[in-house]
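Asker: I have a structure I would like to understand better, so I am pasting it below and will then ask my questions one at a time.
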Amino acid sequence: ASSWKGEQGSALACVEANRNYFMTIAREAFARGRLMMSAMRLNGRPLAQRLSFIAGSGAFAFKTAYDENHAGSSPGMLLEIDNIQRLHTRTDVEWMDSCATPIHFINRLWTDRRAIRSVLISTGRKSGDLLVEIMPLMKRLSRGLRSIKQSAATKEKEK
């Protein structure tokens, strides 16, 4: 919460409900043997920490944080390299999804890609057929509204 995410109020610790959610899922994953955590420390202080969840034979990166005072040394990237090395020694995890956006620094390390697609199939009833027909229009409308909101927010910040 001490980084830019904290300043913007988007860090998990900034909102009590988000913090409680995170603590609950982390505790549950640990209790079930489904939590992967690692940290890089200097004199006992965390430089970088990361948390992932194991699901079946795979894992999903959930959160990585680093001390911005040491950003020049790339502690988050160094911890990610260590994470990848550790994954290759595990027999219970066959793959890991970085859960990163297509344009993200971590993609320099995670070079393999899988295509993920959503498929909507009608139930064969008229209401299902109608829903399948209008779904592309609804997606375009949603993207348009989101774009309008972002433009308005940008203009508001510029004032």
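The values are calculated or read from the model by the stated rules, or taken from the named source; none is laboratory data. All values derive from a computational prediction rather than experimental measurement. Because the Cβ atoms are built from the backbone with ideal geometry, glycine has one as well, and the counts that use them run over all protein chains shown. Only protein heavy atoms, including side chains, enter the accessible area calculation; ligands, DNA and RNA are left aside. Shrake-Rupley method; radii C 1.70, N 1.55, O 1.52, S 1.80 Å.
Asker: Protein chains only, probe 1.4 Å: how do 148, 121, 54 rank by accessible area, largest first?
Answerer: Putting 148, 121, 54 in descending order of accessible area: 121, 148, 54.
Asker: Around residue 3, under 9 Å between beta carbons, what's the net of Lys plus Arg minus Asp minus Glu among the other residues?
Answerer: With Lys, Arg at +1 and Asp, Glu at -1, the net is -2.
Asker: In percent, how large is the relative contact order of the stretch 1-114, given Cα pairs closer than 8 Å and 6 or more residues apart?
Answerer: This gives 17 percent for the stretch 1-114.
Asker: Please list 3J(HN,Hα) in residue order for the stretch 135-144, calculated via the Karplus relation 6.51 cos²θ - 1.76 cosθ + 1.60 where θ = phi - 60°; whole Hz, with x for glycine and proline.
Answerer: Ordered by residue, 3J(HN,Hα) equals 4, x, 5, 5, 5, 4, 4, 4, 4, x Hz.
Asker: Would you grab the residues whose amide H sits under 5 Å from the one on residue 97? Only those 5+ places off in sequence or on another chain, please, with H modelled 1.01 Å from N.
Answerer: 59, 60, 61
Asker: Ok, one more. Of all the accessible heavy-atom surface of the stretch 111-159, with the other protein chains kept in place and a 1.4 Å probe, what percent is carbon and sulfur?
Answerer: Answer for the stretch 111-159: carbon and sulfur cover 57 percent of the accessible area.
Asker: Calculate the all-directions average of the projected area of the stretch 55-116's alpha-carbon convex hull, and give it in nm².
Answerer: 4.8
Asker: Ordered by packing density, taken as the mean number of other Cβ atoms within 10 Å over each peptide's residues, highest first, how do 1-12, 108-119 rank?
Answerer: So the order, starting with the most tightly packed, is 1-12, 108-119.
Asker: Which sequence of 16, 156 reflects their accessible areas, 1.4 Å probe, from the largest down?
Answerer: Final ranking, largest accessible area leading: 16, 156.
Asker: Shifting gears a bit: With everything on Cα atoms, drop me the angle between helix 75-87 and the longest principal axis of the chain, reported from 0 to 90° to the nearest 10.
Answerer: 90
Asker: How many lysine pairs does the chain hold where the Cα atoms are under 26 Å apart and the two sit 8 or more places apart or on different chains?
Answerer: Here the count comes out as 10.
Asker: Along the stretch 15-22, what does the Karplus equation 6.51 cos²θ - 1.76 cosθ + 1.60 (θ = phi - 60°) give for ³J(HN,Hα), rounded to whole Hz, x for Gly and Pro?
Answerer: These are the phi-based 3J(HN,Hα) values: 10, 4, 4, 5, 4, 4, 4, 4 Hz.
Asker: Report the local net charge at residue 122: Lys and Arg +1, Asp and Glu -1, summed over other residues whose C-beta lies under 12 Å from its C-beta.
Answerer: It works out to a net charge of 0.
Asker: For the stretch 11-81, I need the span (max minus min coordinate) of the C-alpha atoms along each principal axis, in Å, sorted largest to smallest.
Answerer: 34, 31, 19
Asker: Using R₀ = 30 Å, calculate the FRET efficiency as 1/(1 + (r/R₀)^6) where r is the Cβ-Cβ separation of residue 123 and residue 27; round to 0.05. Before the final figure, lay out each step's value.
Answerer: Working: r = 39 Å, r/R0 = 1.31.
Calculated value: 0.15.
Asker: Then there's this: To the nearest 20 debye, what charge dipole does the chain have about its Cα centre, counting +1 at the Cβ of each Lys and Arg and -1 at the Cβ of each Asp and Glu? Can you show the working numbers first?
Answerer: Working: 25 positive and 15 negative charges, 94 e Å.
So the dipole magnitude of the chain works out to roughly 460 debye.
Asker: If you don't mind, another one. Hey, got the Cα dimensions of the stretch 1-152 along the principal axes, in Å, largest first?
Answerer: That works out to 65, 44, 32 Å along the principal axes.
Asker: Additional query: Using the eigenvalues of the Cα gyration tensor, what equivalent ellipsoid semi-axes result for the stretch 78-159 when each is taken as the square root of five times the eigenvalue, whole Å, largest first?
Answerer: Numbers: eigenvalues 265, 141, 13 Å².
Rounded to whole Å, the semi-axes are 36, 27, 8.
Asker: Let me ask something additional. Figure the gain on full extension for residue 139 and residue 153 (residue separation times 0.36 nm, minus the Cα-Cα span) and round it to one decimal in nm.
Answerer: 2.9 nm
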